[in-house]
Amino acid sequence: MTALVFPGQGSQAVGMAADALAASPLAADLFAQADAALADSGLPRPLSQLCAEGPEAELRATEIAQPALLAAGYIYYRLAADRIAAPGCAAGHSLGEYTALVAAEVLDFTTALRLVRRRGELMRDAAATQPGTMAAIIGLDDDVVEALCAAAPDVAVPANFNSPGQVVVSGSAAGVAAVVAEAKAAGGRAMPLRVAGAFHSPLMADAAAQMADELARVELRPAQLPVVQNVTAQ
């Protein structure tokens, strides 16, 4: 079975989709749609220019990286669609689930761009009011990492079960630091993530509540292929 899997935040890079923009009328048209959809959203420059030229510091900002990644991911999918055997499902890592929903025609492209632009703004604001961080814990069983999080002196939760032996934890700086220290003492390894906040943790609760209000106003269409959800893996 062929699966479509779309990347999440952290995968952005200056120049992404610039080759497609220069060579493909379809890519140019989709980028034009993206630029028009976000023209009044407060971006410092058109999204197509931010993807192609950066600078990296701006492209890395949560509220810019999210629509940029969705646009680039969907454009590459559309360019490759006629060479992909009928996909059996779509999925995405965090933000990438929105791209998967566009590929499955649950959301239209421009609506999804506006949603993830707003999602990025809400996550940015939540991180500013309740700062935090994330780290990948490698080489320990899931239940061990869960126990370390539960015992942490401040907010720390398992945020992403990426694969057997790799769990991303998220929370306050003190909480994550405590989990990292205990994980190393237990024989695991830890890799701090270059993120702007404690994503997928209780510190994002305000952003999640406001995003739920945004989603309640959006029409979701029947999926044209199954989308595997991040929360349940179903």
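Could you tell me which numbered condition Gly42 fails, if it satisfies all but one of (1) on the phi > 0 side of the Ramachandran plot; (2) surrounded by 15 or more Cβ atoms within 10 Å (Cβ to Cβ)?
So Gly42 meets the others, but not (2).
Residue by residue, here is whether (1) in the same structural domain as Leu115 (by TED's automatic domain parsing); (2) more than 12 Å from Gln12 (Cβ to Cβ); (3) out of contact with any Ser or Thr (no Cβ under 8 Å at 6 or more places or on another chain) holds:
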| residue | (1), (2), (3) |
| --- | --- |
| Asp29 | yes, yes, yes |
| Ala34 | yes, yes, no |
| Ser48 | yes, yes, yes |
| Glu56 | yes, no, yes |
| Ala61 | yes, no, yes |
| Ala68 | yes, no, yes |
| Ala72 | yes, no, yes |
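Which of the helices (runs of 4 or more DSSP H) contained wholly in region 1-58 include at least 3 residues that are within 20 Å of Arg124 (Cβ to Cβ)?
Counting at least 3 such residues, we get 47-53.
Pick from Ala151, Ala112, Ala147: which is out of contact with any strand residue (DSSP E or B) (no Cβ under 9 Å at 6 or more places or on another chain), among the small types (Gly, Ala, Ser) and without any contact (Cβ under 8 Å) to a residue 12 or more places away in the chain?
Ala147
Quick check: anything in region 65-81 farther than 26 Å from Pro222 by Cα and either assigned to a helix (DSSP H, G or I) or touching a residue at least 12 places away in the same chain (Cβ under 8 Å) (or both)?
Checked region 65-81: at least one residue is farther than 26 Å from Pro222 by Cα and either assigned to a helix (DSSP H, G or I) or touching a residue at least 12 places away in the same chain (Cβ under 8 Å) (or both).
The values are calculated or read from the model by the stated rules, or taken from the named source; none is laboratory data. These figures come from a predicted structure and were not determined experimentally. In this analysis, Cβ positions are derived from the backbone assuming ideal geometry, glycine residues included, and neighbour counts consider all displayed protein chains.
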